[in-house]
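Working notes for the structure below.
The values are calculated or read from the model by the stated rules, or taken from the named source; none is laboratory data. As the structure is a prediction and not an experimental result, all values here were calculated from the model. All Cβ positions, glycine included, derive from the backbone under ideal geometry; neighbour counts span all protein chains shown. In case anyone asks, the SASA skips ligands and DNA or RNA and just uses the protein heavy atoms, side chains included. Shrake-Rupley method; radii C 1.70, N 1.55, O 1.52, S 1.80 Å.
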Amino acid sequence: MLEDLAVKDFALIDEVSLDFSDGFTVLSGETGAGKSILIGAVTFLLGGKGGLEVIRAGSHEAVVSGTVRIGKACKPAYEWLEEHGIEPENDRVLLRRVIRDTGKTSAWIQGVQVTKNDLSDFTSTLVDIHGQHEHQSLMYPASHRVFLDSYAGLTEQVADFSRMYGELVEKRNLLNELNTSGAEWEQKMDMLQFAVEEITQAALHPGEDEELDAEEKRLAQYEKLFSDVDEVDSILSGGENIVSVLKRARSTVSHAAGIDNTLEKLSERLENAFYELSDISEEIKSYKNSLVFDPVRLDEVQERSALIFKLKKKYAASQASPVADVIKYCEDAQNELERMQGSRVDSGALAEEIRALERTVLAEAAKLSAARNEKALKFASEVMAVLSKLGMANTVFKVSITKKPGDTDVQRCGPYGFDDIEFLICANPGSPLKPLAKIASGGELSRVMLALKTVLSASDTTETLVFDEIDTGIGGEIAVAVGHHLKNLSQNHQILCITHLASIAVCADNQIKIEKVVSNGNTSTHVHRIDGDERVTEIARMLSGDAVSEASLAHAASLLKENL
């Protein structure tokens, strides 16, 4: 779950720090106050898009950070951290992301710098955002299979199948290589062997190219470097130099401070400046004395740089690549060489292994397909039952399961089995079923996700669900039902929800108010948690736009009391 969030200079937000709780939290405020900006900051933190437009006017960078607590049931998150060598602390990780006005973005997990894609990949196991933002997993049919498999209890079985399918692919690739002509096989081995020997003999080390460039620059421009340093040395220590002048000034001011103690701080600063400049003078002199022109070493450096340049040209993406890329190529070539040397097996025996594994894979794929088809109708029925309570009573929801294209089962089978799975929906009577991804309304899409999460809440490991504009086009009893559903869903998930409706907000455990403030001609968004009388006032505003009348306040207090 998201425990806290800190936002600085993001869009209209100058600086905000928030602590989040378990359960159901609503974010409310006037239209245009910046509620979606806060969700945008969360999306940015999770690896979503963010351009220069998110940097607050007059600032050089936008910074968003937050702490995420990982539940014991969220195994994918722990596995991801382990694979990337990142250690959580007390089941928590600190996320941080920055975008600068240069266009450069940076991201960190627990102080380890990661790419935007890494950040998005990791956080997708923990947080799902639905509405007008990027984390809309329902828009991608690939996620539909995950939902159905989760409902059918097939997640582990599918993971085992994917590993088995991967083994089959590896064996097929190996057989293809074995069936390649012997001359091509030997030629490839000779090429790999030559590359390994050439790079190994060069004895490269990471960063060596940069070190050589710096050294060559010093040696090639020795005369100019010595001249500059010698001039600085003369200024600091030759003749009537700065240090001796500063020494006299220090002594004189010290004497004056004995007469007027208001000069003591200036005396101290002058003394510090004297000692600092004296130290600089000594280091400059020492550096000048260490400078030696070595034409032999210059030749060695240039020769070594030429060798590295040649190796980069042969084994790296470009001459601008780091020398570490050449070292990596050597390691990969060595691994491939060892694999090829160890794979001289009987191709007939390997072909028989593949046929046996194919039979097993196809049998398991058939079991998965049967299990999915068995559960699909019940899954769709339960989703429609929830949708009917969320203002979509006439909606038809269907799970489409079709076989992948191909002439044979072997061709149809993929890493998750035979099936292409997609959710279809018809929200208006008389209209044909269409792919769920074609739904235009953010509110409808959010309510479908709410229905899915309600049905899957017992098995879903995504800990934090964020709903933006879930109340679009609803009101009255439907809004009350949505509020109660979110409340029930929060028993197994942390729920964050933007809403304009008081009947949803009163069901929440916590409420955060977002408001736009204009001060000295500058507009900013302020965010803070509300409770007590302040929450009653905000609910009254949401009810009727009147936050001061006794009737509105009494109604708001009554609704909050009923939903405690």
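Of all the residues in the range 509-522, those that are surrounded by 12 or more Cβ atoms within 10 Å (Cβ to Cβ) and part of a strand (DSSP E or B) number 9. Among the residues of the range 231-246, just one is open to solvent by 50 Å² or more (accessible area, probe 1.4 Å) and either touching a Leu at 6+ places or on another chain (Cβ under 9 Å) or modelled with pLDDT of 90 or more (or both), namely ILE242.
Being surrounded by 12 or more Cβ atoms within 10 Å (Cβ to Cβ), over 30 Å from ASN176 (Cα atoms) and touching a strand residue (DSSP E or B) at 6+ places or on another chain (Cβ under 7 Å): is that true of ARG372 here? Criteria met by ARG372. Scan the range 239-260 and tell me whether some residue there is more than 51 Å from the chain's Cα centre (by Cα), closer than 30 Å to ARG218 by Cβ and of a type outside the set (A, V, I, L, M). So far as the range 239-260 goes, yes, one or more of its residues are more than 51 Å from the chain's Cα centre (by Cα), closer than 30 Å to ARG218 by Cβ and of a type outside the set (A, V, I, L, M). Scanning the range 257-267 for residues that are among the small types (Gly, Ala, Ser) and surrounded by 15 or more Cβ atoms within 10 Å (Cβ to Cβ), we see that the one that is nearest to ASP299 (Cα to Cα) is SER267.
May I ask you to verify whether LEU225 is surrounded by 16 or more Cβ atoms within 10 Å (Cβ to Cβ) and not in a helix (DSSP H, G or I)? No: the conditions fail for LEU225. The set of residues in the range 284-302 being under 30 Å from VAL253 (Cβ atoms) and surrounded by 11 or more Cβ atoms within 10 Å (Cβ to Cβ) consists of ILE284, LYS285. For the range 145-161, the set of residues classified as among the hydroxyl-bearing types (Ser, Thr, Tyr) and within 25 Å of the chain's Cα centre (by Cα) consists of SER150, THR155, listed by residue number. Beta carbons closer than 8 Å, at least 6 apart along the sequence or on distinct chains, pair a first residue in the range 532-548 that is farther than 13 Å from VAL506 by Cβ with a second that is among the basic types (Lys, Arg) for GLU534/LYS513; ALA547/ARG541. Checked against (1) surrounded by 12 or more Cβ atoms within 10 Å (Cβ to Cβ); (2) under 30 Å from SER286 (Cβ atoms), HIS205 meets all criteria but (1).
Restricting attention to the range 385-421 and to residues that are open to solvent by 50 Å² or more (accessible area, probe 1.4 Å) and among the acidic types (Asp, Glu), the residue that is nearest to ALA366 (Cα to Cα) turns out to be ASP409.
Considering (1) open to solvent by 10 Å² or more (accessible area, probe 1.4 Å); (2) more than 20 Å from ILE129 (Cβ to Cβ), the lone condition that LEU501 does not fulfil carries the number (2). Looking only at the range 337-347, residues that are within 28 Å of GLN411 (Cβ to Cβ) and open to solvent by 40 Å² or more (accessible area, probe 1.4 Å) come to 4 in all.
Residues that are of a type in the set (A, V, I, L, M) and modelled with pLDDT under 90 were ranked within the range 523-546; the one that is most open to solvent (accessible area, probe 1.4 Å) is LEU543.
For the range 53-72, which residues satisfy the criterion of being surrounded by 12 or more Cβ atoms within 10 Å (Cβ to Cβ) and among the aliphatic types (A, V, I, L, M)? The answer is VAL54, ILE55, ALA62, VAL63, VAL64, VAL68, ILE70. Of the helices (runs of 4 or more DSSP H) lying entirely inside the range 288-403, those containing at least 1 residues that are free of Cβ contacts under 8 Å to residues at least 12 places away in the same chain, among the polar types (S, T, N, Q) and closer than 30 Å to VAL158 by Cβ span 323-341, 347-389. Taking the options GLU186, GLU271, name whichever one is surrounded by 12 or more Cβ atoms within 10 Å (Cβ to Cβ) and among the charged types (D, E, K, R). After ruling out the rest, the residue left standing is GLU271. Among the residues of the range 375-384, those that are among the hydrophobic types (A, V, I, L, M, F, W, C) and surrounded by 14 or more Cβ atoms within 10 Å (Cβ to Cβ) comprise ALA376, PHE379, ALA380, VAL383, MET384. Number of residues in the range 2-35 that are open to solvent by 10 Å² or more (accessible area, probe 1.4 Å), assigned to a loop (DSSP other than H, G, I, E, B), on the phi < 0 side of the Ramachandran plot and touching a Ser or Thr at 6+ places or on another chain (Cβ under 9 Å) equals 3.
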